[in-house]
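In what follows, a single structure is set out as structure tokens and then discussed.
The values are calculated or read from the model by the stated rules, or taken from the named source; none is laboratory data. Please read all numbers here as calculations on a predicted model, not as lab measurements. So basically every Cβ, Gly included, is an ideal-geometry build from the backbone, and we count neighbours across all protein chains shown. Surface accessibility is based on the protein's heavy atoms, side chains included, excluding ligands, DNA and RNA. Shrake-Rupley method; radii C 1.70, N 1.55, O 1.52, S 1.80 Å.
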Amino acid sequence: LVLALLGLTIVPCVLVLIVGSELIRSSTEKWFSQPIDDVLTAATRVAQDYYRERELSVTAHAARIARELPVAAVESGDLVAVRRAIEAEVAQGRVGLVEVYRSRSKAGQRADVVPLVAVESPGLPRDGVRASADHLASLVASGGAESYAPEPLEGGGELVRGGAAVRDVSGRVVGVVLASDRLSGESATHARQIIEAFQNRSQLHALRRPILGVYLTLFIMMTLMIMVSATWTGLYLAK
């Protein structure tokens, strides 16, 4: 009885296991097919180029403002003169936010920057971006990075930043100018979605073998459970 029941169950179970394994393997290959990876990689590069172009744009604005700022006003902390020099940039809609920092260099240490003046567009949300602005200003004053990756805003959209150092005639850094602009609209939304999709797919690639192993293990366990059930039924009937 046991052999008869095993004989009736083992053949279909093995066939189901083989067919199911091949089906899972072929489905996994389609999920991670090379054409899809190529298309998503190309789309991600387009999105990165879009962000990079906006970063270069605000960085160029910051460099131009830094060249035109009165160095003496930045050194002395003349808020009125500095504000007058940067208000036109925001008023004309070239950038959404201009921040000016005064730099105090210390020998052997990172430059100490102090916020001086900030002129922003009324429609630009400012929630949760102060700490990153201070850090970027410190990096620029120390000769480091000139831009940051876009930061998501609570009110929607993203904020892209660029910075430039204000130097005196001797080349010493006396201040930092940060120019920021808000990325909104469908282009920014699509670019962010493409990058997020690429990141999710990259994480999924790392789980490719574990996912395949989980499905195969599930099929094997089902096969063993059917065979054990058939054996137990045969022993019970024989008893």
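Tabulated data for the structure shown
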item: For E89: the one exception among (1) open to solvent by 90 Å² or more (accessible area, probe 1.4 Å); (2) touching a His at 6+ places or on another chain (Cβ under 8 Å); result: (1)
item: Cβ pairs under 7 Å, 6+ apart, first in the stretch 23-42 and open to solvent by 40 Å² or more (accessible area, probe 1.4 Å), second at pLDDT 70 or above; result: R25/L212
item: Residue within the stretch 62-73 that is open to solvent by 80 Å² or more (accessible area, probe 1.4 Å), modelled with pLDDT of 85 or more and more than 17 Å from D134 (Cα to Cα) present; result: yes
item: Answer from I211, I226 - the residue that is in a helix (DSSP H, G or I), of a type in the set (A, V, I, L, M) and open to solvent by less than 70 Å² (accessible area, probe 1.4 Å); result: I211
item: Count - residues of the stretch 61-103 that are small (G, A, S), without any contact (Cβ under 8 Å) to a residue 12 or more places away in the chain and more than 17 Å from D168 (Cα to Cα); result: 2
item: Among (1) in contact (Cβ under 8 Å) with a residue 60 or more places away in the chain; (2) loosely packed, with under 11 Cβ neighbours inside 10 Å; (3) of a type in the set (D, E) - the single one E154 does not satisfy; result: (1)
item: Looking only at the stretch 174-221, and only at residues there that are touching a Leu at 6+ places or on another chain (Cβ under 8 Å) and of a type in the set (F, W, Y), the one that is nearest to V117 (Cα to Cα); result: F198
item: Some residue of the stretch 96-104 being modelled with pLDDT under 80 and either open to solvent by less than 80 Å² (accessible area, probe 1.4 Å) or part of a loop (DSSP other than H, G, I, E, B) (or both); result: no
item: In the stretch 210-239, the residues that are small (G, A, S) and at pLDDT 80 or above; result: S229, A230, G234, A238
item: Some residue of the stretch 124-134 being modelled with pLDDT of 80 or more, open to solvent by 40 Å² or more (accessible area, probe 1.4 Å) and over 16 Å from D181 (Cβ atoms); result: yes
